[in-house]
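Comments concern the structure below.
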Amino acid sequence: DAGAILGLNPYCSALQVWATKRGLLPDKDDTEMMRLGRDLEYYVAERFEEEMANRNEPKKVKNCNFILRHPKYPWMLANVDRLIIGEQAGLECKIASAFNKTDFEGNNVPEQYYCQCQHYMAVTGATHWYLCILQLGKEPFIFRIERNENEIAALIELEKKFWEENVVKGIEPAVDGTEGARKVLTTLYPEGREDVEIDLSPFHRSMREICEWKSQIKE
C-alpha cells in the first residue's frame, strides 16, 4: 500500500487503499498477473539464489510465516516474501510482463517497489533489501536497495497521516484521477442526483488550464 498512498502505484490509488481499509469495497477478484506473482514467488526466490551464486555472492533465503508489525506504529505492517539468512535484509519477488516498458537493464527501479522495500526496512529494522524482478523471456533483474533514514522518516509521516486522518476518521483522501480511483467512485456512488447543483467556480482556473492542456495535446 505504501506506493499507492504516495501516489506512485500505477495500479492502485490512495482512494482504493482507503476504501479497502474502511471495508467499503467488495473483495477484489484475482487478475492473471496477481496470480502469477503469487504462484511464482517460490520460483523467483530460487532464481535469485541461483543468480547470486553465479555472481559469486551466494545468498540463502527463508520464508517468513508471520505478518510483521512495527514496534512503535501498530498500523504499520509488513508481509515480506523472504528473509536473507545471515543478513539484516529481505527479498521482494516480482513478476513483470514481457511488455513492461521499465528499463530494468538501466537499473531503473519502479517507484512503488522502492517505497515497498523502504517500508519493509522501516518495519523490520533491516539495513538493506533485495528486489528480484523476473520479466518473462529475460534473465532476472536484481537490485540491492539501501536503507534511507530520511526517506523512511518521510514515509512513516505520510503513512501516519493517511492512517490517522483518513482511515481512522473516515475522511476520503483526494481523488487522483487514476482509473483505480474512478472505479472506486463508481462503486461508492453508483447513481447521480439531478436535483443537486454544485458551485464549480472555485475550480475555474483548474478547468481552464485543463482545457488549454487538452488543446496543446491535440495540436
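The values are calculated or read from the model by the stated rules, or taken from the named source; none is laboratory data. Keep in mind it's a predicted model, so treat the numbers as computed, not measured. In this analysis, Cβ positions are derived from the backbone assuming ideal geometry, glycine residues included, and neighbour counts consider all displayed protein chains. In case anyone asks, the SASA skips ligands and DNA or RNA and just uses the protein heavy atoms, side chains included. Shrake-Rupley method; radii C 1.70, N 1.55, O 1.52, S 1.80 Å.
Does Val109 meet the test of being over 26 Å from Cys64 (Cβ atoms) and either among the β-branched types (Val, Ile, Thr) or in contact with a strand residue (DSSP E or B) (Cβ under 7 Å, 6 or more places away or on another chain) (or both)? No: the conditions fail for Val109.
Taking each residue of region 170-192 that is within 17 Å of Tyr11 (Cα to Cα) and at pLDDT 90 or above and looking for partners that are surrounded by 14 or more Cβ atoms within 10 Å (Cβ to Cβ) and aromatic (Phe, Trp, Tyr) with beta-carbon atoms closer than 9 Å, six or more apart or interchain, yields Pro173/Trp18; Pro173/Phe162; Val184/Trp18.
If you filter region 92-127 down to residues that are more than 17 Å from Ile142 (Cβ to Cβ), over 17 Å from the mean Cα position of the chain (by Cα) and not polar (S, T, N, Q), you find that the one that is most open to solvent (accessible area, probe 1.4 Å) is Lys101. Of all residues in region 77-91, those satisfying the criterion of being within 21 Å of Glu146 (Cβ to Cβ) and assigned to a loop (DSSP other than H, G, I, E, B) are Val80, Asp81, Ile85, Gly86, Glu87, Gln88.
Looking only at region 25-76, residues that are open to solvent by 80 Å² or more (accessible area, probe 1.4 Å) and either within 27 Å of Ile171 (Cα to Cα) or not in a helix (DSSP H, G or I) (or both) come to 18 in all.
Tell me, yes or no, whether region 145-152 has at least one residue that is in contact (Cβ under 8 Å) with a residue 24 or more places away in the chain and out of contact with any helix residue (DSSP H, G or I) (no Cβ under 7 Å at 6 or more places or on another chain). Checking region 145-152: not a single residue is in contact (Cβ under 8 Å) with a residue 24 or more places away in the chain and out of contact with any helix residue (DSSP H, G or I) (no Cβ under 7 Å at 6 or more places or on another chain).
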